[in-house]
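Shown next, in structure tokens, is the structure this report addresses.
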Amino acid sequence: MKTFSKEEIVAVYKAAYLMVVADGMVMSEEIEIVDEAMNKLGASNTSTIADIKTMADKISEEECYGQLAFLDQEQKILVSAMLGAISSSDGDIDDAELELWRKICYKSDLPKMNNRQAITIFQSY
């Protein structure tokens with residue numbers, strides 16, 4: 001898999017954060033998935049993650065979706081799988097999370113998958 005640039009990691013973090021807050025509740029299981037995703041993308045040290053969070057706060061949702069649309073197909077699969085894993089990580093797949101996942105997939109040309117596929121794919125990376 002091609003490595004993610006810092007800008008791409010920022011966009012992935014923004015999408016992940018939007019998913020975490022989509023249902024109005026931030027659960028520790030969701031945060032753990034985001035942390036795991038950041039590690040998988042190569043953003044594992046605290047200062048890098050702090051920078052990513054700051055940069056993600058400064059980009060709009062549309063900028064985020066545009067950046068994700070330029071990922072290669074394997075990266076898109078991982079991002080879509082991560083979003084699905086986040087949505088189901090707390091044991092409750094909220095309608096707002098599913099709607100957001102569909103929206104991000106549509107706007108960013110990410111592959112569609114069900115939650116079971118997403119979890120399996122995410123865990124395999």
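So Met25 ticks every box in (1) of a type outside the set (S, T, N, Q); (2) surrounded by fewer than 21 Cβ atoms within 10 Å (Cβ to Cβ); (3) modelled with pLDDT of 95 or more; (4) not in a helix (DSSP H, G or I) but one. Which box is left unticked?
Answer for Met25: the failing condition is (3).
Among the listed residues Ile33, Ile121, which satisfies the condition of being closer than 18 Å to Tyr13 by Cβ and either in contact with a strand residue (DSSP E or B) (Cβ under 7 Å, 6 or more places away or on another chain) or touching a residue at least 40 places away in the same chain (Cβ under 8 Å) (or both)?
Unique residue meeting the criteria: Ile33.
If you scan segment 98-116, which residues turn out to be more than 17 Å from Glu8 (Cα to Cα) and open to solvent by 90 Å² or more (accessible area, probe 1.4 Å)?
Those that are more than 17 Å from Glu8 (Cα to Cα) and open to solvent by 90 Å² or more (accessible area, probe 1.4 Å): Glu99, Arg102, Tyr106, Lys112, Arg116.
Here is a check on your reading of the model: is Met38 open to solvent by 70 Å² or more (accessible area, probe 1.4 Å), at pLDDT below 95 and of a type in the set (A, V, I, L, M)? I'd like the intermediate steps shown before the answer.
Working: open to solvent by 70 Å² or more (accessible area, probe 1.4 Å): no; at pLDDT below 95: yes; of a type in the set (A, V, I, L, M): yes.
Spelling it out, it is not the case that Met38 is open to solvent by 70 Å² or more (accessible area, probe 1.4 Å), at pLDDT below 95 and of a type in the set (A, V, I, L, M).
Can you pull out every residue in segment 67-95 that is assigned to a helix (DSSP H, G or I) and loosely packed, with under 14 Cβ neighbours inside 10 Å? Explain how you work it out, then say what you get.
Going residue by residue through segment 67-95, those that are assigned to a helix (DSSP H, G or I) are 67-69, 73-88, 95.
The answer is Ala69, Gln73, Glu74, Asp95.
The values are calculated or read from the model by the stated rules, or taken from the named source; none is laboratory data. The structure displayed is predicted, hence computed values, not measured ones. Every residue, glycine as well, gets a Cβ built from its backbone with ideal geometry; the counts of neighbours run over all protein chains shown. All accessible areas refer to the heavy atoms of the entire protein, side chains included, with ligands and DNA or RNA removed. Shrake-Rupley method; radii C 1.70, N 1.55, O 1.52, S 1.80 Å.
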